[in-house]
Amino acid sequence: MQPTRVEGEGTEAEQLRERIWTYAQRGVVMAVVFFAGLFVGYQLWGQATQLQQQVEELTDQKQSLVKERDTERSKVTLVERDKKELERQLGELKTKLAAAGGGASAQKAEPAGGGGTQGVTVE
């Protein structure tokens, strides 16, 4: 039994081999294009070198801001501590002044502008 011939094309087996070969070529070309696209995309955006640099800069900036914030908080804490100490000393001086001057006579001796701490030394 001989293969039948189609006019101008050859046998059916040859046509089948040509179709298989054509589709194999197309598949290989599509695979190459696809993987080349993946490779180029990874090289351009996969490693994200610009974003990594930006992340490093922002991390450094954040760390410096955190350190600055902590420094300012410690300064505020020291100022509040000093303020409480001075308020305590002021209260002690007021009680000493009131005890020494008899309260009402100390108020009469104060100038009209208030004050009351002139001549008082704080240790």
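Each reported figure results from applying straightforward, stated rules to the coordinates on display, with no laboratory input. The structure displayed is predicted, hence computed values, not measured ones. Neighbour counts run over all protein chains shown; Cβ positions are idealised from the backbone, glycine included.
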Can you tally the lysine pairs in the stretch 48-97 where the Cα-Cα distance is under 20 Å and the two residues are eight or more apart, or on different chains? 8
Cβ-placed point charges (K, R +1; D, E -1), dipole of the stretch 48-97 about Cα centre in debye, nearest 20: 460
If N is the residue count of the stretch 48-97, its Cα Rg over 2.2 N^0.38 Å rounds to 2.21
